[in-house]
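A short worksheet on the structure shown next.
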Amino acid sequence: MTQDTAVYPGFFDPFTLGHLNIVERATQVFHQVIVVVAEDSPKKSMFLPEERMRIIKEIFKNSKKVKVDCFNGLLVNYLRKTNTKILLRGIRTVSDFEYEYQMALANKTMADDVETLFMMTEGKYSFLSSTIIKEIARLGGDITPMVPPEVVKWVNKRYET
Ligand code: COA
């Protein structure tokens, strides 16, 4: 199986510098990276799926290699529909691995031709999570060292209203 496209899924509520780090490094490996926003979030979200997509599109507006899309339902169905087979996931810590391992095996059981590839998140971003960003923003802290400037703009707008 040779593929030049990787699919990078997540809730991205919001997209962080850790996510950006994975996507930028993935563009050095793949011709195209599709960032796909999961619409059905089990968690209370800060941004609607269409807002998350808009923010990510703004972040990558100058990158020809990055496409942004969304999906609902099973991820393997999205891969089938788009005829893509490489799933990219970032791993921050050992504890991420157990969950990722389960998810990769479940996806493989449902779609044997899908391969999950893991990339280690750079150490300086390993503490980051979307929940931490939301907590700091809610309490009025500075999130600028943790997220792309486009996210800062949207989060500030959210807390103005
Ligand atoms: N840098 C910083 N943070 C990162 C990161 C990185 N490189 N990679 C992940 N994270 C953080 C996220 O910010 C998020 O933080 P939060 O828990 O505080 O919100 C957390 O890790 C989870 O990551 P995320 O990628 O947003 O979601 P997820 O790991 O829960 O996976 C899907 C989401 C969409 C991939 C998964 O639920 C899915 O495939 N859903 C569709 C249904 C399906 O097919 N399920 C598979 C059957 S097993």
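The values are calculated or read from the model by the stated rules, or taken from the named source; none is laboratory data. It should be emphasised that the depicted structure is a prediction, and the values quoted were computed from it without experimental measurement. Quick reminder, even Gly has a Cβ in these numbers, built from the backbone with ideal geometry, and neighbours come from all protein chains shown. Only protein heavy atoms, including side chains, enter the accessible area calculation; ligands, DNA and RNA are left aside. Shrake-Rupley method; radii C 1.70, N 1.55, O 1.52, S 1.80 Å.
Values as computed for the structure displayed
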item: Dimensions in Å of the chain - Rg and Dmax from alpha carbons; result: 15.5, 49
item: Cβ-Cβ FRET estimate between GLU100 and ASN72, R0 fixed at 22 Å, reported to 0.05; result: 0.55
item: Charge dipole magnitude, Cβ of K and R +1, D and E -1 - region 1-71, Cα centre, debye nearest 20; result: 200 debye
item: Whole-percent carbon and sulfur share, accessible surface of region 5-152, 1.4 Å; result: 55 percent
item: Phi to ³J(HN,Hα) by Karplus 6.51 cos²θ - 1.76 cosθ + 1.60 over region 125-139, Hz, x for Gly, Pro; result: 10, 5, 8, 6, 8, 5, 5, 4, 4, 5, 5, 5, 5, 4, 8
item: Candidate lysines for bridging to LYS153, where Cα separation is under 27 Å - those fewer than 8 sequence places away on the same chain excluded; result: LYS43, LYS44, LYS57, LYS61, LYS64, LYS65, LYS67, LYS124, LYS134
item: Simple label model, 7 Å out from Cα along Cβ direction - ASP4 to MET110, nm; result: 2.9 nm
item: Per principal axis, descending, Cα span of region 56-138 in whole Å; result: 39, 33, 23
item: Cβ-based charge dipole, the chain, positive-most Cα from ALA111, PHE60, THR84; result: PHE60
item: Extension gain (nm, one decimal) between HIS31 and SER63, 0.36 nm per residue minus Cα-Cα; result: 10.4 nm
item: Computed E for THR93/LYS157 - FRET, C-beta separation, R0 35 angstrom, nearest 0.05; result: 0.65
item: Inter-probe distance in nm under a simple model that places probes 7 Å from Cα toward Cβ, at GLU24 and GLU39; result: 3.1 nm
item: Extension gain, ILE132 back to MET120 (0.36 nm per residue minus Cα-Cα distance, nm); result: 2.4 nm
item: The chain: relative contact order in percent, alpha carbon pairs under 8 Å with at least 6 residues between; result: 30 percent
item: Student exercise, the chain dipole from Lys, Arg, Asp, Glu Cβ charges, in Debye to nearest 20; result: 340 debye
item: Per residue accessible area of the chain, 1.4 Å probe, in Å²; result: 56 Å²
item: Long-range HN-HN contacts of CYS70 with modeled amide H, under 5 Å; result: VAL37
